[in-house]
Amino acid sequence: MTTASGGFTPPNAGKSARARKERTRMVAGGVLGGIICVFWLLPLLLVFMNAFKDKREYNMGESWQLPQGFHLWENLQNAWGQGLGSGFFNSLSYGLVGSAGAILLASLAAFGIVRLKLPRGLWWFLLIYSGTIFPFQVYLIPLFKAYTSFGLYDTWVGMVLFYIAICIPFCTFVMRGFFISMPWDFQEAARLDGCNDWMIFWKIMLPLTRAPMLVLLLFQFTWIWNDLLFGLVLSKSDNVRPIMPTLAGMQGLYAGSDGPTLIAAVMIASLPTLLLFLLLRPYFMQGLRLSSVGD
Amino acid sequence: MTVTQQGRTPARRASARRSTAASLAPYLFVLPAVFFVAVFLLAPMLYTFWQSFTDADGLRTPNLVGLRNYAELLTSSNFTLSLRNTLIWVVASVVLPVGLAFALALALERVVGGNFFRTALYLPSTLAAAAAGVLFSFIFDPTSGVLNAALGALGFSSLSQTEWLFRSPLNTWSMIATYTWQSVGANLMIFLIGLQSLPREPLEAAKIDGASGLKFPRLITLPLMTPYVTIAALMAAVNGFKVFDLIWVMTQGGPARSSETLAVTMYREGFILFHQGVSAAIAVVISLIALAFSYFYLRNVMDKESHV
């Protein structure tokens, strides 16, 4: 630094000094960022490494010591056997069927409101969208009562129907935005060619909406997978209960899962959404943009 | 009705029928979604509203009791403590994750490895709140937890026995720390989206005029970022207000109901103590507060939308 600015002053010194300063800033920021990230991910690593220990090593040693043996596989098997396996497949099916169902119904609604120019469309949209405004607590008791009296409590169908319903408002919001931004000419052309409303929706619109639909699928699947509250309230048996309530149940004071098994259970429960994020990062970012900034 | 129909020719009647069919079509598309939302969300909501004025306990036929449940809330120490905790949650979850994320966004914009940092910081957000709660229960464990071990190793031996989740109000703050760890990533993304979409000219002009150091974010970036900060803050307030999973997994609102928030109190009153009327009243109170937040949030988001 001192040598460069010591001797003579080249004509573009100010500019290169600024560029150098900018480069220093970028590198210093990079180092700072690295430190912050290590600090941020440390909790994950410190806890997850205990899933490699066996029960004895976990109880005798300190939790921050590196594992001596490799017992991850048996811990995962233990967790899987304690109900997490069925919870895994339950949540997988709820996530797939629930989000796909919601996206289909929401697309139909958004198509009707925007592309078929439903009278008072905004009003109908707000009616559907109002489902996102209220906190979930407001639905719990009546749902529980209705589910028990209609035989939907603790059934696969009951869970799926609810997950479809709770995902519809946000999906409608996104699909509506998408349909608004679509040009009108090919819809009119299709109509002149004799397409009816249904054909326009199914043959022309749906193929064009693949991108927002994938984003929605990702987001709604993650939401359903991560749900604890409605699983707690609307289910109880192993073959219906989603994965998160199962995990929470394993952790309870009297549940008797040992440390390594429980940590392995957290790993199993977190892996699908973690993988989805890492593999489909651009779509995730797009979904985040939609759900927060709204465009 | 009959009078007007008598006056029509058959041809006109047929075309009228066709256009009724056409005008019914959009309703058919909207109907399924409206049905699901009405049956599973709106009807339960109205029922809860009604139930909040009754003495329902899940067994006997409920009687209307007017505003008694609401009055009970105001006088119950459980409720006031829960309300206080909820306020702490709302304020803290606006200040900590949003503030931290904003600082990080400014620090990590256009640095070496920025993309990697973003991914790493967002990673906790992909975990379920329930999973994060279980994870941090291990970290906060008084005897085997990493946190106390680290404090002991760093020489803070007086702190190394701390019962992070068993003392009030420390347990609420420990959970807020967990929440912050999880939600900084999502807020960071909002701000990075915002920073990317800032107009370039004022930034370049300020740079040429010699704005540097902390002056730059304070005088230039912050005003331009205001809409994003508003949206992030309002969203954080709503989310902080609704936190349930994390608390349920880490303390179940305990010990002795000391770390309950309104969301947890509602669940406990309704599903463990079977005070369904009181529980419904809490749900209504939560809804009204959330409605107020949502109004401001939606107004901000909808402002950006020029269509409709």
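The values are calculated or read from the model by the stated rules, or taken from the named source; none is laboratory data. This is a predicted model, so every value here is computed, not measured. Virtual Cβ from ideal backbone geometry, glycine too; neighbours counted across all protein chains shown.
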Looking at (1) away from chain B (no Cβ under 11 Å); (2) surrounded by fewer than 19 Cβ atoms within 10 Å (Cβ to Cβ); (3) closer than 30 Å to residue B:263 by Cβ, can you tell me which one residue A:129 breaks? (1)
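Answer yes if at least one residue in region A:236-243 is within 22 Å of residue A:77 (Cα to Cα), assigned to a helix (DSSP H, G or I) and touching a Ser or Thr at 6+ places or on another chain (Cβ under 7 Å), and no otherwise. Spell out the reasoning first.
Let us first name the residues in region A:236-243 that are within 22 Å of residue A:77 (Cα to Cα), namely A:237-243.
Filter once more, so that each one left must be assigned to a helix (DSSP H, G or I): A:243.
Going one step further and asking which of them are touching a Ser or Thr at 6+ places or on another chain (Cβ under 7 Å), we end up with A:243.
So far as region A:236-243 goes, yes, one or more of its residues are within 22 Å of residue A:77 (Cα to Cα), assigned to a helix (DSSP H, G or I) and touching a Ser or Thr at 6+ places or on another chain (Cβ under 7 Å).
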Considering residues that are of a type outside the set (A, V, I, L, M, F, W, C), more than 30 Å from residue A:250 (Cβ to Cβ) and in contact (Cβ under 8 Å) with a residue 12 or more places away in the chain, the number found within region A:204-234 is 2
Output the residues belonging to region A:173-196 that are of a type in the set (Phe, Trp, Tyr) and closer than 24 Å to residue A:215 by Cα. A:173, A:178, A:179, A:184
Please indicate, with yes or no, whether at least one residue in region A:95-112 is at pLDDT below 90 and either assigned to a helix (DSSP H, G or I) or of a type in the set (Ser, Thr, Tyr) (or both). no
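Which of the following residues is within 13 Å of chain A (Cβ to nearest Cβ) and either exposed (fewer than 13 other Cβ atoms within 10 Å of the Cβ) or closer than 16 Å to residue A:135 by Cα (or both): B:33, B:38? Working first, answer last.
Working: B:33 fails: either exposed (fewer than 13 other Cβ atoms within 10 Å of the Cβ) or closer than 16 Å to residue A:135 by Cα (or both).
None of the other options fit; the residue is B:38.
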Could you go through region B:284-307 and let me know if any residue there is more than 7 Å from chain A (Cβ to nearest Cβ), within 20 Å of residue A:230 (Cβ to Cβ) and of a type in the set (S, T, N, Q). no
Going by what's in this entry, would residue A:158 be described as surrounded by fewer than 21 Cβ atoms within 10 Å (Cβ to Cβ) and closer than 24 Å to residue A:223 by Cα? yes
Restricting the search to region A:266-291, which residues are modelled with pLDDT of 90 or more and more than 8 Å from chain B (Cβ to nearest Cβ)? A:267, A:268, A:271, A:272, A:275
Taking residue B:110 and the conditions (1) part of a helix (DSSP H, G or I); (2) farther than 17 Å from residue A:35 by Cβ, which numbered condition does it fall short on, given that it satisfies the others? (1)
Subset of region A:91-101 [among the polar types (S, T, N, Q) and crowded, with 22+ Cβ neighbours inside 10 Å]: A:91, A:99
Taking residue A:184 as the residue in question, decide whether it is in the same structural domain as residue A:250 (by TED's automatic domain parsing), at pLDDT 95 or above and surrounded by fewer than 22 Cβ atoms within 10 Å (Cβ to Cβ). no
Taking the criterion of being part of a helix (DSSP H, G or I), in the same structural domain as residue B:247 (by TED's automatic domain parsing), more than 17 Å from the chain's Cα centre (by Cα) and modelled with pLDDT of 90 or more, would at least one residue in region B:143-152 satisfy it? no
Whether any residue in region B:259-277 is surrounded by fewer than 18 Cβ atoms within 10 Å (Cβ to Cβ), more than 30 Å from residue A:288 (Cβ to Cβ) and touching a residue at least 24 places away in the same chain (Cβ under 8 Å) is what I want to check. yes
Checking residue A:120 against (1) crowded, with 22+ Cβ neighbours inside 10 Å; (2) on the phi > 0 side of the Ramachandran plot, which test does it fail? (1)
Considering only region A:136-147, I want to know if a residue exists there that is buried (at least 18 other Cβ atoms within 10 Å of the Cβ), within 22 Å of the chain's Cα centre (by Cα), within 10 Å of chain B (Cβ to nearest Cβ) and assigned to a loop (DSSP other than H, G, I, E, B). yes
Which numbered condition residue A:46 fails, given (1) crowded, with 17+ Cβ neighbours inside 10 Å; (2) of a type in the set (A, V, I, L, M); (3) more than 9 Å from chain B (Cβ to nearest Cβ): (3)
Need the failing condition index for residue B:189 against (1) under 30 Å from residue A:18 (Cβ atoms); (2) exposed (fewer than 14 other Cβ atoms within 10 Å of the Cβ); (3) touching a helix residue (DSSP H, G or I) at 6+ places or on another chain (Cβ under 7 Å), just the number. (2)
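Confirm whether residue B:287 is more than 21 Å from residue B:166 (Cα to Cα) and surrounded by 24 or more Cβ atoms within 10 Å (Cβ to Cβ). So that I can check it myself, show each step before the final result.
Values: more than 21 Å from residue B:166 (Cα to Cα): yes; surrounded by 24 or more Cβ atoms within 10 Å (Cβ to Cβ): no.
Criteria not met by residue B:287.
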